[in-house]
1. Calculate one ³J(HN,Hα) per residue across region B:238-255 by plugging θ = phi - 60° into the Karplus curve 6.51 cos²θ - 1.76 cosθ + 1.60, and present them in order as whole Hz with x for glycine and proline.
2. Once the convex hull of the alpha carbons of region A:118-259 is built, what does its volume come to per residue, in cubic angstrom?
3. A:Gly139's amide H: which non-local residues (gap 5+, or another chain) put their own amide H closer than 5 Å, with H modeled 1.01 Å from N in plane and none for Pro or chain starts?
4. May I ask for the percentage of alpha-carbon pairs in region A:1-124 that lie more than 19 Å from each other?
5. Can you sort A:Asp29, A:Asp2 so the residue with the fewest Cβ neighbours within 10 Å comes first?
6. Would you compute, for the Cα atoms of region A:83-138, the largest minus smallest coordinate along each principal axis and list the three values in descending order, in whole Å?
7. Quick check: net charge around B:Leu15, other residues with Cβ under 13 Å of its Cβ, Lys/Arg +1 and Asp/Glu -1?
8. How big is the dipole moment of the protein assembly as shown about its Cα centre under a simple scheme where the beta carbon of each Lys and Arg is +1, that of each Asp and Glu is -1, and everything else is neutral? Debye, nearest 20, please.
Amino acid sequence: MDIVVCIKRVPLIQEVDLEINDAQTGVRDEALAYVINDWDNYAVEEAVILKEQLGGSVTAITVGSEADEEVLRRALAMGADQALRIDPGSRQLDGFVISRILTKAIGTMTYDLILTGVQADDDNGGMVGSMVAEGLGIGHAAVITAINIKDGEAVVHTELEGGMDEVSKVKLPALLSIQTGINEPRYVSIMGIRKARKKELKVTDLESLGLSEDDLTPRTVVEQVFFPPETAGAEMIQGDAGAVAETLLNLLKEKGVSK
Amino acid sequence: MGHIFVIAEHRQGELRDITFEMLYKARALGREHAHTLTAVVLGGPDSGFGDRLAPWADRVVVMEDDRLSAFDADIYTAALLKLVTDEAPFLTLMGHTPWGMDLAPALSVRAGLPVATDCVDILLEEGGPVAIRQIYNGKLYSRVGFKASTGYMMTVRPGAFSLDEAPPEDGAGEVATRALDAEVPESRKEFVEFVDTGGGEVDIAQADLLVSVGRGVGEAENIDAVKALAELLGGTLSCSRPVVDRHWLPKYHQVGTSGKTVKPKVYLALGISGAFQHVAGIAGAGTVIAVNKDGKAPIFRVADYGVVDDLFTVVDALKEKITSG
Ligand SMILES: Cc1cc2nc3c(=O)[nH]c(=O)nc-3n(C[C@H](O)[C@H](O)[C@H](O)COP(=O)(O)OP(=O)(O)OC[C@H]3O[C@@H](n4cnc5c(N)ncnc54)[C@H](O)[C@@H]3O)c2cc1C
Ligand SMILES: Nc1ncnc2c1ncn2[C@@H]1O[C@H](COP(=O)(O)O)[C@@H](O)[C@H]1O
């Protein structure tokens, strides 16, 4: 079972005041801390679990800058065998262009299964996986919460709305986009990451992939990033904890739900 | 003047709300810009969907075939490719749902049409269509333009547009039936069954007071503190998805699109950021109170009352007030 897993490094946004850059096309990234995209963390774990069960290899790929190698090292520490970073240089990227780059790179490899996350926590696009599958001409399924490999097929659970799963069989090779909660990603220690430095991490540029100008032309352009439009918003309750608690308890009483 | 296509979504014989939300928005856009509105529905034989959609659109295109009974990205992509190639709609809308996320990006690549996903608004401007999206889980918005094309695709966030109860009075679309093309390939996917994953000991949908905890709780051990508060208040414990993903609480506690839709009189959100998949589940709540350390958390935009503080400080203070009488 040879598995390719696509991963992305994204900024941590909880408890952070995001600032918009001067061009108003993105965020100011100088002060941000980065992590592996949560969905991709589950995808790496799933790839490693399948490899441990069935044998084979796991290759982690990212399209990104040198700093993004951090997530590849992490994937190697989790059990991936090799890693590939494709440097997009100063190219403008959108989900489409990223999918073309990944398609070209993966197209030269041998694989039975490709895993992506359902969505990246920065652009919340949820499109790259399905596009890569289409580019490679293989079957795909999205929002996967369980995988069982049997006789050249993957029996998968697609999570639908409202507490319902759709079970289906997908012929391999296939691309599955992984939903959080599918497994329990293993803990990665600094030691583990250091040890994984022995594993191969290849770097390549776009030129060597032979992409066409159309492949590299974004189909969507972020014209402007802006703060959420004003809403009425919440009435903020101020004061020390005791005063806040008192206000909240009165509120519950008023709404008829306190004991 | 061109065509707007809305691809209907249905499951187990029912058209889903997102279908009508898209039709509502597409109809408004069509009126304003003189585009015609076509609802497209792929389904099994004798689905009856054509007649159900007719009042909402200028035209309904129905494809019925055994192979279309269950959603299948392979077959749906092939069928829709033929349709969008033949009719060249100016704008094609699908739901940003698990099925739409599987189908739309692949179709956009095959048809050579640009796509923007998870759109919360659609503008038709001189220079072309513009999608309004949320990024960074709703902390920011983006205005997205497209590379010039003959047609454009967007997937629409469920709940972004309102839902009319009754069909428009002047609506009476003609229903055209098309056969599924013979050259549709064999699918690489086979539907097996639907399984229910949401059931359990407690039905959070019945609760009047939900004390709901998010990833902000930090670790499994800390859940007990919130559970104790819920008990003291006579409320029911619920949570956001990461809490279930980490097995801190069982799935039946989860609120949101892939969990439960709830309608408590009061929803107390502790350490929940307010991602759309979560807040979609609390649209029916009477009063929403949010406690979050981050004053910029999107949850404060949907809450009625907010407290910017550490959730444990507030939880402890509440417990103390209750027990000391
Ligand atoms: C297809 C799909 C379906 C999904 N379905 C659902 C669903 O049904 N339900 C759901 O909830 N999510 C769902 N999600 C996930 C959703 O996108 C978000 O990732 C999730 O809701 C985030 O949960 P959270 O708010 O608990 O965590 P986070 O976004 O990590 O937010 C944690 C919050 O806690 C705050 N915080 C941290 N520490 C403290 C403290 N000590 N005191 C107070 N505040 C603190 C932080 O400021 C932050 O705002 C789905 C996603 C996808 C792609
Ligand atoms: N730059 C990238 N490099 C590698 N994989 C990516 C990249 N961007 C997105 N992906 C993959 O595609 C998934 C969905 O991303 P998106 O469509 O951007 O929301 C992610 O979870 C990753 O698995």
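1. 9, 7, 8, 4, x, 5, 6, 3, 8, 6, 7, 9, x, 3, 5, 8, 6, 9
2. On the way: hull volume 42.2 nm³, N = 142.
Per-residue hull volume (Cα only) is 297 Å³.
3. The list, which skips near neighbours in sequence, is A:Leu175.
4. Details: 3702 of 7626 pairs.
Counting every Cα pair in region A:1-124, those more than 19 Å apart make up 49 percent.
5. Going from sparsest to densest Cβ surroundings: A:Asp29, A:Asp2.
6. Sorted from largest, the Cα extents of region A:83-138 read 28, 24, 20 Å.
7. Details: positive: B:Arg11, B:Arg16, B:Arg52; negative: B:Glu9, B:Glu14, B:Asp17, B:Glu21, B:Asp51.
So the surrounding residues net to -2.
8. 960
All of the numbers you see were taken from the coordinates with simple rules; none came from a lab. Keep in mind the model is a prediction, meaning the values are calculated, not measured. Methodologically, a virtual Cβ is constructed for each residue, glycine included, from the backbone with ideal geometry; neighbour enumeration extends over all protein chains shown.
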